[in-house]
Each structure stands twice: as structure tokens, then as C-alpha cells.
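Only one structure is covered here, and it is reproduced in the block below.
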Amino acid sequence: MNSELLIITNGFKGTWFAIEYGAWLAEILQLNITLLGVNEVPNPAAIDDHHPLEDIFERAVGLFKEKQLAYSLEIQNGAAEQIIPEKANRGNYITVVSPLGRTQIRRLIVGRSIRPLMERIQEPILYVPEIRLPLKKILLSVGGLGYEAAAENLALQVAAVNRADVTILHVVPPTDLDYPSTRGLRGHMKDLAETDTLPGRSLRHALEIAQNAGLNARAIARQGIIVEEILAELKEGNYDMVCMGSSYSGHTLRQYYAPPVTAEVAESARCPVLTARYHPH
């Protein structure tokens with residue numbers, strides 16, 4: 001388990017989700033916290049003005065003290081998309097971040113901030129668009145190529161502490177496309193975990209780990225457009241968290257977990273998204 005949480009705020013009220021959820025995670029996993037405040041529009045002329053970071057820091061410190069958490073505070077000036085990865089990559093962190101309050105026009109032009117953060121941060125990221133507590137149901141999406149291994153380990157640790165039910169999902173892409181993960185899968189959607197295919201072995205491995213940890217776990221498969229099927233399962237299953245791998249820094253970017261998949265799920269999911277980067281050995 002990573003030794004510390006890096007919780008992010010730029011003063012936007014929506015970042016309280018990251019602070020509250022991060023405090024909950026730090027409490028159950030006994031992790032230290034660094035609360036990083038990003039002052040994105042430093043104005044020397046307004047040095048005596050009240051800054052939104054002041055209120056959210058005061059509120060956060062009150063929460064950390066109430067939960068008796070070990071914490072440190074830090075403020076940096078600059079663009080969040082630059083400051084956050086620089087800080088995150090200098091330590092052994094799980095970075096906890098919520099929407100940063102970007103304007104609709106900015107989101108249309110450059111997309112949501114979570115995408116560049118996922119591209120640049122080497123360590124795990126917990127994206128919190130909404131708080132879903134208590135944590136009762138976790139969806140673990142596996143691709144069969146090993147990209148999910150780091151996320152899988154984190155997810156099962158969190159599930160074990162909360163005694164959460166775990167659903168392990170593999171999405172088979174449309175079979176008219178010749179992805180490695182689709183070969184030999186026709187006719188095995190209901191028993192995919194029992195096959196000797198890459199996805200079957202991946203599902204079986206994750207299922208065995210979860211069950212050995214005493215968790216109530218099941219393996220399922222869906223077929224269709226990967227992002228759409230993951231989001232559909234999230235909605236239908238009313239999950240409290242989704243955990244996925246990321247192939248950033250992998251060399252087979254056109255394989256099952258092409259980079260946009262995890263980012264697109266994070267941008268659309270209405271529950272916390274835990275993702276960990278794939279590190280080749």
C-alpha cells in the first residue's frame with residue numbers, strides 16, 4: 001500500500017469531495033495526508049484579500065483533526081495540471097482529486113483536467129466526482145493483458161477493509177474487430193472465467209485473490225464498445241467505486257486498455273474511480 005495520500009484543492013468548492021473522501025480513505029487504511037492547495041491565479045495586488053483556499057484549508061484541518069489523522073499542508077502557485085503531476089511524481093502517493101471547477105468552454109476545448117493528470121502522474125489516482133459511502137460494491141474492470149494488476153491490488157485492499165462486494169468485469173469488444181482479447185471468446189460470455197483465454201485467466205486470477213481474502217466476489221463478461229459497457233454496468237449495478245488499470249507507459253497502446261478508455265470512464269462515471277498506471281517489468 002502506498003504510504004501517503006496527496007489530496008488536491010484549488011479552492012473550488014467541488015474539491016471538497018476529494019478532501020472528505022480522502023480523509024475517509026486515510027482513516028480506514030491508516031495513511032498520512034498531504035493537502036496540496038494550488039493557487040492558480042496568484043495576484044500580488046490582492047495579497048490581503050480573502051482567498052477561497054483559506055476557507056477550504058480551515059475546514060479540511062478541522063476534519064483531519066476530528067479523525068485524528070496525520071497531515072501536512074502545502075500551497076503552490078501555478079496551473080494545477082502542471083503543479084499536481086510534479087508533486088505527485090516526487091513521492092509515494094495516491095493522488096486524490098475531484099473536478100477543479102473548469103468552465104464549460106475550457107472543458108469543450110481541452111477536455112476535463114483528469115485526462116492530462118492521468119497522462120502525467122506515475123502513481124495511483126483516485127478521482128472523486130461524487131462521494132459514494134458507505135462502500136458496499138466495487139467494480140473491478142480487467143482487460144486480460146495485465147494492465148489492471150496494480151489497480152486490482154489496491155481495489156482488493158480497499159474492498160477487504162470495507163468487506164465490500166466485488167464484481168470483476170471483462171468487456172469483449174465487438175467481434176468483427178480482431179482484438180487479441182476477442183479471439184476464441186464467441187460462445188463463452190457466460191463462462192468466460194472458466195476458459196483458458198487471456199481474459200478468462202485474468203478473471204479467474206482476480207476472482208481467486210478476492211475469494212481468498214474472504215470477499216464476496218463474482219466474475220462477469222459483457223460484449224460491446226468497452227467504455228459504453230463499463231458505464232452501463234456501473235449504472236445497472238449501482239456501484240460505489242470502479243477500479244481500472246491504465247496502459248500509460250506501456251508499449252502496446254492499441255491493445256485492450258488503449259489510453260482513452262480509463263480516462264473516458266473517469267470523465268463520465270458518477271462514482272469514485274481508482275486507477276493505477278501499468279508498469280512493465
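Residues are listed down the side, and each one gets a yes or a no for (1) exposed (fewer than 14 other Cβ atoms within 10 Å of the Cβ); (2) in a helix (DSSP H, G or I); (3) outside the structural domain of ILE121 (by TED's automatic domain parsing); (4) modelled with pLDDT under 80:
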| position | (1), (2), (3), (4) |
| --- | --- |
| HIS188 | no, no, yes, yes |
| ILE209 | no, yes, yes, no |
| ARG222 | no, no, yes, no |
| GLU229 | no, yes, yes, no |
| MET244 | no, no, yes, no |
| THR252 | no, no, yes, yes |
| GLN255 | no, no, yes, yes |
| ALA266 | no, yes, yes, no |
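Of all residues in region 210-228, those that are on the phi < 0 side of the Ramachandran plot have Cβ atoms under 6 Å from Cβ atoms of residues that are of a type in the set (D, E, K, R), 6 or more apart or on another chain, in ASN216/ASP165; ARG222/GLU229; VAL227/GLU264.
Considering only residues of region 87-127 that are of a type in the set (Val, Ile, Thr) and at pLDDT below 90, which is surrounded by the most Cβ atoms within 10 Å (Cβ to Cβ)? Before the answer, list the steps.
Taking region 87-127 and keeping what is of a type in the set (Val, Ile, Thr), we get 94-97, 103, 105, 109-110, 114, 121, 125.
Next, only the ones that are at pLDDT below 90 stay: 103, 105, 109-110, 114.
Numbers: THR103: 8, ILE105: 8, ILE109: 9, VAL110: 12, ILE114: 22.
Among those residues, the one meeting the criterion is ILE114.
Within region 5-22, being outside any loop (DSSP other than H, G, I, E, B) and touching a strand residue (DSSP E or B) at 6+ places or on another chain (Cβ under 7 Å) holds for LEU5, LEU6, ILE7, ILE8, THR9, THR15, ALA18, ILE19, TYR21, GLY22.
If you scan region 128-142, which residues turn out to be of a type in the set (S, T, N, Q) and modelled with pLDDT of 95 or more? So that I can check it myself, show each step before the final result.
The initial filter retains those residues of region 128-142 that are of a type in the set (S, T, N, Q), namely 141.
Of everything in region 128-142, nothing turns out to be of a type in the set (S, T, N, Q) and modelled with pLDDT of 95 or more.
The values are calculated or read from the model by the stated rules, or taken from the named source; none is laboratory data. Predicted model only: the values in this text are computed from it and were never measured. Positions of Cβ are generated from backbone atoms using ideal geometry, with glycine treated the same way; all protein chains shown enter the neighbour counts.
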